[in-house]
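Read through the structure below, which is laid out as structure tokens, and then see the notes.
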Amino acid sequence: MKKIALSILILAFFASIAYAKNGTVTVKITGIEKIKGHILIGLFNKAKGYPDIGKEYKGITIKVTKKSISHTFVDVPPGDYAIAVVHDINKNGAVDYNFIGMPLEMYAFSGNSGCIGKPPFKKAKFKLKDKYTVKLKLK
């Protein structure tokens, strides 16, 4: 009986340590011009699939009701991440492009310091240790 109790105690201890190591990523979005459609936020943990909405590690769709939106992803393990945001005005769940490949809807990326187009994952990534907040303005 003592062995079972000790085993349960050890498992509970390691489970609490594993959970405590996870953090949060808060995304604050401004620059929403039209109170219409959805904001799609993708949290990516690897270059493969970035920045395609639908291929993210965690994602959310938020109905636009005001000109700024904030969302916090919880229980995120430490590591490298990047954010992609799209204002999906027509609510089709995808980014719409014109005939030359330019987005028709507003967007933002983490770490985008003046890049034209989609920055590569290595330029958009940030390191999460515990808590991270990123402020993005749609363009």
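The values are calculated or read from the model by the stated rules, or taken from the named source; none is laboratory data. Being a predicted model, the structure only gives us computed values, none of them experimental. Note that we place each Cβ from the backbone using ideal geometry, even for glycine, and neighbour counts take in every protein chain shown.
Descriptive notes on the structure:
- Cβ-Cβ contacts under 7 Å between residues 6 or more apart (or on different chains), taken from a first residue in the stretch 77-99 that is without any contact (Cβ under 8 Å) to a residue 12 or more places away in the chain to a second residue that is crowded, with 16+ Cβ neighbours inside 10 Å, are listed as Asp96/Glu105.
- Selection within the stretch 41-52 - more than 16 Å from Val95 (Cβ to Cβ) and not in a strand (DSSP E or B): Asn45, Lys46, Ala47, Lys48
- Conditions (1) surrounded by 14 or more Cβ atoms within 10 Å (Cβ to Cβ); (2) in contact (Cβ under 8 Å) with a residue 60 or more places away in the chain; (3) out of contact with any helix residue (DSSP H, G or I) (no Cβ under 7 Å at 6 or more places or on another chain); (4) outside any strand (DSSP E or B); number of the one not met by Lys122: (1)
- So Ile29, is it assigned to a strand (DSSP E or B), within 14 Å of Lys137 (Cα to Cα), at pLDDT 95 or above and within 10 Å of the chain's Cα centre (by Cα): no
- The strands (runs of 3 or more DSSP E) found entirely in the stretch 53-119 that carry 3 or more residues being closer than 21 Å to Gly37 by Cβ and at pLDDT 95 or above are 58-63, 69-76, 79-88.
- When each of Phe44, Phe73 is tested for being touching a Pro at 6+ places or on another chain (Cβ under 9 Å) and surrounded by 15 or more Cβ atoms within 10 Å (Cβ to Cβ), the lone residue that passes is Phe44.
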